[in-house]
Amino acid sequence: MSANFVAVTGLPRAGSTLLCQLLAMHPEIACEGLSSPLCNLLLGIRRMASDDQFMLSQLDNAFDSGYGHLQDAMQGFLRGWLKSDRKIVVDKNRAWLHCIEMTLKLAPETKMIVCLRELGQICGSIEAQHQKTIMLDFIDHLADYDRFGRADMLFAKDKVIGAPLISIHAVQDLPREIQERLFFMRFEDLTENPRAVMKKLYKWLGLSEFEIDLDNIPALARESDSHYRMKYLHAQQNSIGRPKRHEISPRIQSQIESAYAWYYQLYYPDRSGSCSNP
């Protein structure tokens, strides 16, 4: 059976793990919850095919058939990975938004849930986890920086916050019909009013209504964030409560809000935490 594809993507420390736990509770959804290599593998196939001398030679002589073989093979790889007897299969990877146009060519029914959070709290959450494991460094040696320098590096275009932010910023340049494939979910909304958020999300996904048990949320397979250049285990919760607010210096917060004013204008215009889908 060919299931419809839904990707969970967006920013780190923005509720993707909790969201996957809640999605997995719905009987029409298959969701493992782990960050998946599927997106990276598809991007790898594209890069490899683009550099392969035999592939390039075939495109020179028979472009339509060669390109058709490639598209069919990548589509088959995607469908094979997502094979399920459920109506929807969820796959989590922050890179999905980056390659949404290619993904829609392979699976036109694709929808993506983009996880958002107030940027200062994302930075504060990463810093809090670093302080708990301060005897270990990040893979890219961010522990060698002071707090301001570390925050600045986290927002670099190839780093854990900066890279997905670039993809989120680029959404406004996409055609309207592609933008309609995106559901923006704020972490604050999910933790403060999870039933309302999930009810809206289930409806957007075309699923039947389902009442989640907020006091008995089953844990999924546990993962480490080491592959995202972090250094700690990704905790899961069996119930939902308002998260602890992380302390962040006014200087760092001001710098973030100034540099990413577009983000606050689009997704946090009120900063009140009301349930919305921009």
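Out of the residues in the stretch 124-150 meeting the condition of being surrounded by 15 or more Cβ atoms within 10 Å (Cβ to Cβ) and among the charged types (D, E, K, R), tell me which one is nearest to P243 (Cα to Cα). Applying the filter and picking the extreme gives E127.
Exactly one condition in (1) outside any helix (DSSP H, G or I); (2) at pLDDT below 95; (3) not hydrophobic (A, V, I, L, M, F, W, C) is not met by P108; state its number. The one condition P108 does not meet is (2). The numbered conditions (1) at pLDDT 65 or above; (2) over 22 Å from the mean Cα position of the chain (by Cα); (3) over 27 Å from I139 (Cα atoms) are all true for G241 except (2).
Of all residues in the stretch 178-205, which are of a type in the set (D, E, K, R), closer than 13 Å to L116 by Cα and in contact with a Leu (Cβ under 8 Å, 6 or more places away or on another chain)? Correct list: R186 only.
Kindly check whether there is at least one residue in the stretch 2-15 that is within 18 Å of L207 (Cβ to Cβ) and of a type in the set (S, T, Y).
Initial filter on the stretch 2-15 (within 18 Å of L207 (Cβ to Cβ)): 2-8.
Add one more test, that the residue is of a type in the set (S, T, Y), and what stays is 2.
Yes, the conditions are met somewhere in the stretch 2-15.
Being of a type in the set (S, T, Y), more than 29 Å from F5 (Cβ to Cβ) and touching a residue at least 40 places away in the same chain (Cβ under 8 Å) holds for only one residue in T133, T191, T110, and it is T133.
With respect to being surrounded by 14 or more Cβ atoms within 10 Å (Cβ to Cβ), out of contact with any His (no Cβ under 9 Å at 6 or more places or on another chain) and in a helix (DSSP H, G or I), L56 falls outside the description. Is it the case that some residue within the stretch 10-25 is over 12 Å from the mean Cα position of the chain (by Cα), over 30 Å from H130 (Cα atoms) and either crowded, with 22+ Cβ neighbours inside 10 Å or among the acidic types (D, E) (or both)? Scanning the stretch 10-25, I find no residue that is over 12 Å from the mean Cα position of the chain (by Cα), over 30 Å from H130 (Cα atoms) and either crowded, with 22+ Cβ neighbours inside 10 Å or among the acidic types (D, E) (or both), so the answer is no. For the stretch 24-47, the tally of residues that are in a helix (DSSP H, G or I) and farther than 20 Å from L104 by Cα stands at 1.
Any chance you could count how many residues in the stretch 78-105 are of a type in the set (D, E), outside any strand (DSSP E or B) and under 24 Å from L174 (Cα atoms)?
Taking the stretch 78-105 and keeping what is of a type in the set (D, E), we get 85, 91, 101.
Keeping just the survivors that are outside any strand (DSSP E or B) gives 85, 101.
Now drop any that are not under 24 Å from L174 (Cα atoms), which leaves 101.
Residues that pass the stated criteria total 1.
In the stretch 76-109, the qualifying residues are those that are within 17 Å of E28 (Cα to Cα) and surrounded by fewer than 19 Cβ atoms within 10 Å (Cβ to Cβ), and the one that is nearest to the chain's Cα centre (by Cα) is E109. Screening Q21, Q75 for residues that are touching a residue at least 40 places away in the same chain (Cβ under 8 Å) and either of a type in the set (S, T, N, Q) or part of a loop (DSSP other than H, G, I, E, B) (or both) leaves exactly one candidate, Q21.
In the stretch 122-147, how many are part of a helix (DSSP H, G or I) and under 24 Å from F187 (Cβ atoms)? Working first, answer last.
Filtering the stretch 122-147 for residues part of a helix (DSSP H, G or I) gives 122-132, 142-144, 147.
Filter once more, so that each one left must be under 24 Å from F187 (Cβ atoms): 122-132, 142, 147.
Result for the stretch 122-147: 13.
Scanning the stretch 151-192 for residues that are outside any helix (DSSP H, G or I) and exposed (fewer than 14 other Cβ atoms within 10 Å of the Cβ) yields a total of 5.
The values are calculated or read from the model by the stated rules, or taken from the named source; none is laboratory data. Every value quoted in this text rests on a predicted model; they were computed, and no experiment measured them. Cβ: placed from backbone, ideal geometry, glycine included. Neighbour counts: every protein chain shown.
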